[in-house]
Amino acid sequence: MRQTGAFHSPSHLSQAIAAALSLALPLCALPAIAADVSTASSVAEQSPETATLQAVTVTATRREESLQKVPVAVTVLDGEQLERDNRNGVSSIAQQVPALNFRTGASNKDTSLFMRGVGTISTSPGVEPTVATVVDGVVYARPGQATLDLLDLERIEVLRGPQGTLFGKNASAGVLNIISKAPTTETHGYIDQSYYSGNESRTRFGIGGSLIPDTLKASVTTLFGTYDGNVHNKTNGQEVNGYNHKGARGKLEFTPNEDVKLTVIGDYMQSRDDTPNGVISQSLTPAFANALSPVHASNDNRDLVSDYRSHVDDINKGLSAQLDWNLGDYTLTSITAWRGWNNTQWQDGDRLANVSAAFPATEDKGDLDFNQYSQELRLASPKGQFLEYVGGLYYMHGKDDETYRRTLTTPTATNTGVADYSTTSDSYAVFGESPLNFTSAFRGIAGLRWTHDDLEYDHRRVSTSATTVSGIQPGTSSSGSVDEDGWSGRLGVQYDLSDSVMAYLTYSRGYKGPAYNVFFNMQPRDTAALKPETSNNWELGIKASSWNDRLTTNVAVFHSEYSNYQANFFDSVAGQVVTRLINAGSVSTEGVEADYALQATRNLKFSGAIAYTKARIDQFSCPTGAAASCDVNGKTLPYAPDWKSYVRADYTIPLNNGLDIELGTDYSWQSEVQYDISQNPDTRQGAYGLWNASAAVADYSNGWRVAVLAKNLTDKSYSPLLASGSGYIYRAVPRDDERYFGVQVRKDF
């Protein structure tokens with residue numbers, strides 16, 4: 001695809017709107033149908049003549065509504081299909097959602113989500129994520145909490161654009177709304193065993209059903225997963241970049257009468273990942289190339305030399321209780337939740353095995369202890385009236401305590417720095433959103449949220465050296481606090497052009513609270529609070545269904561402007577280049593997105609999505625002491641390819657003996673992406689595509705399925721992260737950096 005695109009300035013938004021209308025409006029003349037755009041390949045029981053897509057229900061407006069009727073750009077991913085595709089966490093779904101991108105890291109603490117090209121890269125506990133993650137109604141305060149295996153998954157709703165009115169305090173760019181499966185009335189269990197190349201094994205077991213008929217249901221799911229890894233450490237011969245995960249998730253659903261339902265959810269996940277702190281992809285100096293020997297740097301390098309094993313131990317756990325109480329025609333919902341997160345990471349900062357005067361050894365260890373408590377109250381009015389609404393109150397308290405130790409070893413000395421720091425945050429909000437039913441076909445949308453944030457930090461660092469040494473600043477201490485009020489909301493109109501075509505136009509304002517750049521080498525210049533990040537977004541969407549319930553096509557055109565954008569930029573600290581969190585200025589993102597699903601025949605389904613996103617820096621605020629060029633105005637935002645697409649085909653062959661043959665294939669592609677906001681030419685990943693396929697035999701009447709799958713059939717190496725070090729470029733190595741195969745066996749009982 002050419003990357004010239006239709007957008008060269010914000011004024012071209014009108015051209016994009018016209019293009020989207022010309023694409024979607026012809027669908028109005030097609031036969032009226034119901035709708036869905038689920039990526040799952042299931043079809044309701046029906047005759048071949050009446051094969052249609054299954055309707056999809058979402059909770060994007062905190063009510064259950066048809067996906068085709070909700071005035072929000074949403075992509076829905078089916079949980080069972082994700083498990084079949086070996087997509088087991090948030091990071092792996094980015095290939096299926098063109099508007100979503102993911103920044104990986106040596107620890108899940110260092111990860112970030114990007115929506116429509118906008119996200120926050122920071123390890124500071126004093127900053128919120130730009131893209132909110134909500135699991136069963138509970139907002140996760142830190143992005144690293146949401147990157148582990150997702151158990152018992154029903155679906156993921158990817159809401160694009162600001163969603164701060166209804167989804168917590170930090171949804172200025174979008175929301176991942178994750179819903180787990182509800183317990184079933186009938187007793188049901190399953191065991192699922194998978195094996196993949198590279199000695200990867202995953203075992204899932206689940207069981208659920210009624211404990212007290214019509215009153216109490218329960219379910220529990222467990223996971224055990226191991227993987228040796230696909231990176232070879234030539235220093236000791238070990239394989240790294242693998243994992244060892246185990247966890248469980250349980251649900252209790254108590255319905256003492258038809259008006260009250262109490263759902264209690266508990267989950268626990270223990271993980272050990274040995275993701276390396278970067279694999280060298282390019283040596284920028286002959287000296288570093290010699291120090292790296294016998295490893296040869298290259299774009300597809302999967303070897304390293306390390307004498308300090310980078311790995312992370314992580315425990316993620318939580319408990320929540322949701323009460324849904326019908327008060328006549330109204331519904332009162334209360335969600336009370338606690339989450340705990342313990343993370344210890346060890347990282348080889350120098351990425352070498354030998355100590356020398358030119359390349360001293362740097363070893364880091366960080367301990368994190370985080371707890372959050374949240375309470376949400378919502379009241380939903382009855383449907384079918386002129387004024388419908390969802391309104392409520394929200395509170396979250398977060399407390400983070402961290403210790404980070406750095407040891408610097410040269411041929412003549414060893415120096416150590418230790419920093420202890422903590423943050424405490426409290427967020428209060430009042431919110432509400434109302435559809436206004438002017439007629440049966442024409443509706444207004446009005447929503448508003450007021451948020452008050454209190455944030456404070458404390459930081460203390462000691463060092464064995466009274467002067468600066470490489471990577472370690474002298475001892476210092478500081479503390480601070482800030483409080484801010486913010487407004488977010490949504491206004492719009494929604495019109496049913498026909499029974500099968502709906503259009504909407506909305507304006508949304510996003511808000512992300514104040515921040516502190518709290519990290520190991522924090523200095524006096526980092527003590528000032530960052531201003532809140534705000535966004536203004538216009539979106540025009542059309543959702544159309546046609547061909548007798550067999551085709552859905554959803555198109556969204558958007559333009560967003562962000563002020564006081566919170567981003568990392570390069571700084572020089574103690575002789576090392578590090579990233580520093582700043583208010584980077586103003587940025588904008590605009591583009592066109594399209595999702596489709598086609599039930600071509602009863603047994604053949606096509607689905608996919610495509611997005612053009614122009615995410616650019618409008619006016620960059622260069623920080624004092626910057627260690628990189630600030631000439632970035634007009635340049636692309638990091639982790640924001642201009643083009644991204646996903647296509648999928650699923651075909652089922654029913655046999656006369658009751659067996660089904662299931663064939664599936666998918667292909668994802670994206671254009672060139674820049675990973676560095678300073679526009680380093682060495683941190684660009686070229687365009688690439690990934691092709692996957694699977695084949696399965698199933699007998700659903702007897703409850704079993706056996707599948708084989710192939711990932712990255714063309715054996716394409718790519719990097720989901722490229723970053724610069726002192727004399728080199730390093731990359732992250734994804735699980736599917738090379739072709740691999742697997743077999744899955746499932747038995748239901």
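Each value in this text was obtained by applying a stated rule to the coordinates, not by laboratory testing. Bear in mind that the values here come from a model prediction, so they are computed numbers and not experimental data. With ideal geometry, Cβ positions are generated from the backbone for all residues, glycine too; neighbour counts draw on all protein chains shown.
Worth pointing out:
- Two-site FRET efficiency, Thr476 against Val264, from Cβ-Cβ distance with R₀ of 56 Å, rounded to 0.05: 0.80
- Summing charges over all other residues whose Cβ lies under 11 Å from the Cβ of Ser535, with Lys and Arg as +1 and Asp and Glu as -1, gives +1.
- Residue-count net charge about Gly634 - beta-carbon cut-off 12 Å; Lys, Arg +1, Asp, Glu -1: +1
- For region 207-260: relative contact order, % (alpha-carbon pairs under 8 angstrom, 6 or more apart): 37
- Loop-located trypsin sites (Lys or Arg not before Pro) in region 198-236, at most 15 other Cβ atoms within 10 Å (DSSP): Lys234
- Cα long-axis angle, helix 13-24 against the chain (0 to 90 degrees, to the nearest 10): 40
- Residues within the reach of a label modelled at Asp618 (point 7 angstrom out along Cα to beta-carbon, backbone nitrogen below 15 Å), restricted to region 112-138, are 118.
- Label zone at Val430, where the point sits 7 Å out along the Cα-to-Cβ direction: region 334-367 residues whose backbone N lies under 11 Å: none
- The mean sequence separation of alpha-carbon pairs under 8 Å and at least six residues apart, normalised by the residue count of region 555-670, gives a relative contact order of 22 percent.
- Entry for mean projected area of the Cα convex hull in nm² (calculated from the structure that is shown) out of [x] 36.8; [y] 47.0; [z] 30.4: [z]
- Kirkwood Rh, Cα atoms: Rg over Rh of region 606-706: 1.30
- In order along region 360-374, the Karplus-derived 3J(HN,Hα) couplings, from 6.51 cos²θ - 1.76 cosθ + 1.60 at θ = phi - 60°, round to x, 8, 10, 10, 10, 9, x, 10, 10, 9, 10, 9, 10, 10, 9 Hz, and Gly and Pro are given as x.
- Reachable aspartates and glutamates, given that their alpha-carbon falls under 13 Å from the alpha-carbon of Lys365 and they are not under 8 places away in the same chain: Asp313, Asp348, Glu402, Asp420
- For the chain, adding -39500 (n - 2.57) for each run of n ≥ 4 DSSP H residues and dividing by the number of residues yields -1000 deg cm²/dmol at 222 nm.
- Taking amide H as placed 1.01 Å from N in the peptide plane, the amide H of Leu284 sits under 5 Å from that of Tyr728, Ile729, each at least 5 places away or on another chain.
- Derived scalar couplings between HN and Hα for region 436-446 equal 10, 8, 5, 9, 5, 10, 10, 9, x, 9, 9 Hz in order, rounded to whole Hz, by the Karplus curve 6.51 cos²θ - 1.76 cosθ + 1.60 (θ = phi - 60°), x for Gly and Pro.
- Between Asn517 and Leu530, the built amide H atoms are under 5 Å apart, and every one of these is 5 or more places off in sequence or on another chain.
- Straight-distance crosslink candidates among lysines, where the alpha carbon sits under 23 Å from Lys169 and sequence neighbours closer than 8 are dropped: Lys109, Lys317, Lys399, Lys512, Lys531
- Within the same chain, aspartates and glutamates fewer than 8 places from Lys234 are excluded, and of the rest, those with a Cα less than 12 Å from its Cα are Asp303, Asp307.
- Longest exposed-site-free window of the chain, the sites being GluC sites (Glu not before Pro) in a DSSP loop that have at most 13 other C-beta atoms within 10 Å: 259-749
- In order along region 152-160, the Karplus-derived 3J(HN,Hα) couplings, from 6.51 cos²θ - 1.76 cosθ + 1.60 at θ = phi - 60°, round to 6, 7, 8, 6, 10, 9, 9, 9, 9 Hz, and Gly and Pro are given as x.
- Taking the chain and dividing mean pair separation by its residue count, relative contact order in percent (alpha carbons under 8 Å, at least six apart): 13
- The gain in end-to-end length when the Glu80 to Thr601 segment is fully stretched comes to 185.4 nm, 0.36 nm per residue minus the alpha carbon separation.
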